[in-house]
Structure formats: C-alpha cells, structure tokens
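One structure below.
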Amino acid sequence: MSLADHPVTLADIEAAARRISGRILRTPFVNSASLTALCGVPVGLKLEHHQTTGAFKLRGATNAVLTLQPDERARGVVAASTGNHGRALAHAARAEGSVATICMSRLVLKNKVDEIRRLGAHVRIIGKSQDEAQEEVDRLVREDGLVMVPPFDDPAVVAGQGTLGLELVEDMPDVSVVLVPLSGGGLAAGVAAAVKALKPKVRVIGVTMERGAAMKASIGAGSPVLVEEFQSLADSLGGGIGLDNKVTFAMCRDLLDDIVLLSEDEIAAGMRHAYGQEREIIEGAGAVGIAALLAGKIKAIDGPVALILSGRNVDMVQHRHVINGGNDSMAEVAA
Ligand SMILES: *Cc1c(COP(=O)(O)O)cnc(C)c1O
C-alpha cells in the first residue's frame with residue numbers, strides 16, 4: 001500500500017497546516033544536551049506541551065472544527081473525552097464561534113469538570129462510566145444534530161496532528177528517528193504520514209505503556225482488539241483504539257517502524273528527567289520518548305533523534321509525587 005492510498009495524505013496535512021496556522025502555536029524545538037550526551041547523536045525535543053490547552057490535541061480539534069460546514073458548526077460539536085481532547089475541543093469550538101458539549105460520567109473529578117467549563121464548553125454529567133457518557137454523545141448526535149469530533153479516529157483530526165510532523169522535519173532536516181507517544185494513534189498516524197512522505201528513510205517509532213497497549217495488541221492480532229485497562233502514570237495513553245477503527249489502525253500498522261513499550265518505573269524516570277534536566281513539567285504520556293531513550297529501548301540509533309513532549313496536563317500533586325521518587329499513579333487515591 002502506498003502512502004497516497006491512506007485516508008490522510010501529505011496534501012491533507014499541508015492543507016491542515018494552512019488552515020490552523022495562526023490558531024495554534026508553532027511550538028519550539030530545542031536541543032537536549034543531556035540526551036544528546038547519552039545517545040551520542042543530536043536529540044531534539046518538540047515542546048508541544050507548551051501548546052495552548054497543554055497538549056497537541058488542539059491541532060486536530062481545530063482542523064476538525066474548521067472543516068465543518070457552517071450549519072454544522074452552528075449546531076455545535078460533541079465528544080466524551082474528559083482529558084486533553086475535551087479541553088482542545090472546548091477551546092477550538094469557542095475560538096471558531098461554535099460550542100462544544102463534553103459528556104462525562106459522575107466519577108470524573110471536579111477540577112477536570114471545572115477546567116472544561118472554563119474553556120467554554122457545556123458539560124453534561126451522566127451515568128457512571130465512559131461508555132454511558134458515549135451513549136449520551138450518540139443520543140445528542142441523533143436527536144439534536146450535534147457533530148461528534150472523535151479524539152483520534154477521524155481524517156481531519158489525524159491531519160491536524162500530522163502538522164507536528166511537518167514542523168519536525170523543518171526543525172530537524174537531518175532527522176533519522178522520530179519517537180511519537182502512541183495511544184489511539186491519531187498523533188502517530190499523522191506524524192508518520194507527514195514524515196514518511198517527506199523523508200521516506202526516517203524511522204518513526206510509536207512509544208506507549210505496557211499496561212494496555214491497544215494498538216500494539218491490535219497490530220499483532222491483525223485487527224482491532226480490546227485490552228484490559230489499568231491505572232497508569234501515562235493516563236492520556238489509556239483507552240482502546242475502537243473495534244470499528246477506520247483510520248488509525250491501518251495507518252499505524254503500515255507506517256510505524258516499531259512500537260516500544262514502557263513500564264511505570266521507566267515512565268516515571270522520564271518525567272523526572274524532563275523536570276531535573278530539561279526543566280520541563282510534563283505528564284506521563286508526554287514523557288515516553290525521553291523514557292524510551294533512558295531505558296535504552298531504541299535500538300540502532302544511527303542519526304539525529306526527534307521526540308515529541310506531547311502534553312503537560314498532570315495533576316501537580318501527582319507530579320510532585322513522581323519528582324520525589326514515586327513511580328505509581330495516585331489516581332485511585334484521588335478518585
Ligand atoms: C492523546 C494523547 C496522546 C496519544 O495520542 P493518540 O492520538 O491517541 O495516539 C499522547 N500524549 C498526550 C499528552 C495525549 O493527550
């Protein structure tokens with residue numbers, strides 16, 4: 001299968017970049033002295049955790065909202081995410097004169113609810129699980145005509161996330177290896193599509209947690225599978241890829257050179273390194289690229305490495321716990 005046969009191509013990503021330009025930050029790309037010394041090749045960090053709303057998801061959400069028809073935008077958008085996609089969609093909708101409705105279960109912490117409200121979204125609290133929240137999304141689409149914007153499995157979302165790949169190649173033209181945090185695969189699919197189209201020889205490697213690595217298990221099985229979910233420091237990497245996945249499964253299967261898995265201890269070490277050496281506060285999901293290098297899990301590095309610090313929305317009590325040496329998620333305690 002050639003690159004042009006995938007549902008998101010370089011042309012789609014370049015169009016997304018023009019569309020969202022001026023609405024998202026072009027985040028800095030900096031050299032990491034410590035990781036360059038460790039790896040013996042230049043290592044650059046894309047500081048995407050400085051993106052507005054604290055994660056890259058604003059790129060995909062903004063592109064998706066901007067590609068809607070005016071009447072769709074007027075009806076409003078809806079999603080069931082309480083995390084970075086929910087924040088991004090709330091912000092993107094408001095910025096474009098639309099409004100987002102974010103559905104969440106009664107178990108979601110108050111500070112998350114408040115944050116989504118602060119960004120201008122309507123919050124609908126319903127049921128006791130993410131599944132019940134998703135049922136409410138489906139009802140709002142059916143009965144009220146709202147438009148669902150999925151967190152990853154959508155061509156406009158993938159194209160938006162792919163704009164990061166364009167920037168990486170501009171920032172580091174001689175890049176040899178790109179490390180991408182991986183969950184549902186919207187980021188990895190978009191970045192790989194952009195990077196491989198511009199630089200076919202660059203290796204693009206997905207990095208995720210070993211607890212519930214849905215994309216890796218699905219690629220191994222040959223089609224999307226369910227995996228058991230666990231608490232993790234990289235909570236933004238939780239969740240499945242969807243059994244009826246239409247976009248990201250095939251793209252990640254065809255475009256990623258490898259998928260590397262990390263333990264909680266390794267992810268915690270990545271967060272500590274980001275803080276102590278790079279002076280950056282990042283969430284667990286954003287630390288996996290650093291963590292993979294520290295753990296020696298990226299083999300045969302033969303040239304410059306670029307990695308994406310994807311988000312910074314970590315509870316600060318949790319962050320202090322990790323900085324002070326804790327390697328476990330405090331989610332159970334907090335909930
Ligand atoms: C969503 C998210 C990811 C994973 O992105 P996918 O497109 O689901 O693979 C990684 N890091 C952060 C901070 C995120 O919010």
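Results, tabulated for the structure shown:
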{"read-out": "Qualifying residues in region 21-31 (those that are away from the ligand (no atom under 16 Å from the Cβ) and touching a helix residue (DSSP H, G or I) at 6+ places or on another chain (Cβ under 8 Å)) - the one farthest from M316 (Cα to Cα)", "value": "R23"}
{"read-out": "Filter result for A156 (buried (at least 19 other Cβ atoms within 10 Å of the Cβ), without any contact (Cβ under 8 Å) to a residue 60 or more places away in the chain and outside any loop (DSSP other than H, G, I, E, B))", "value": "no"}
{"read-out": "Within region 262-280, considering residues that are in contact with a helix residue (DSSP H, G or I) (Cβ under 6 Å, 6 or more places away or on another chain) and not in a helix (DSSP H, G or I), the one nearest to V207 (Cα to Cα)", "value": "L262"}
{"read-out": "Condition check for V30: touching a strand residue (DSSP E or B) at 6+ places or on another chain (Cβ under 6 Å) and surrounded by fewer than 18 Cβ atoms within 10 Å (Cβ to Cβ)", "value": "yes"}
{"read-out": "Matching entry among A88, A121 (being at pLDDT 90 or above, outside the structural domain of G185 (by TED's automatic domain parsing), touching a Gly at 6+ places or on another chain (Cβ under 9 Å) and under 24 Å from T248 (Cβ atoms))", "value": "A88"}
{"read-out": "Restricting region 37-66 to residues that are closer than 30 Å to S81 by Cα and of a type in the set (A, V, I, L, M), the residue that is farthest from the ligand (Cβ to nearest atom)", "value": "L66"}
{"read-out": "Single unsatisfied condition, V317 versus (1) among the aliphatic types (A, V, I, L, M); (2) farther than 18 Å from A214 by Cα; (3) buried (at least 16 other Cβ atoms within 10 Å of the Cβ)", "value": "(3)"}
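Residues are listed down the side, and each one gets a yes or a no for (1) more than 15 Å from the ligand (Cβ to nearest atom); (2) within 16 Å of A285 (Cα to Cα); (3) not basic (K, R):
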site	(1), (2), (3)
L187	no, yes, yes
A193	no, no, yes
V207	no, yes, yes
M215	no, yes, yes
G220	yes, no, yes
P224	no, no, yes
F230	yes, yes, yes
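Yes or no, residue by residue, for (1) in contact with a Pro (Cβ under 7 Å, 6 or more places away or on another chain); (2) outside any loop (DSSP other than H, G, I, E, B); (3) assigned by TED's automatic domain parsing to the domain that holds V178; (4) within 12 Å of L256 (Cβ to Cβ):
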| site | (1), (2), (3), (4) |
| --- | --- |
| A194 | no, yes, yes, no |
| V204 | no, yes, yes, yes |
| R211 | no, no, yes, no |
| I219 | no, yes, yes, yes |
| S223 | no, no, yes, no |
| E228 | no, no, yes, no |
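The values are calculated or read from the model by the stated rules, or taken from the named source; none is laboratory data. All values reported here derive from a predicted model rather than from experimental measurement. Cβ coordinates were reconstructed from backbone atoms using ideal geometry, including for glycine residues, and neighbour counts include every protein chain displayed.
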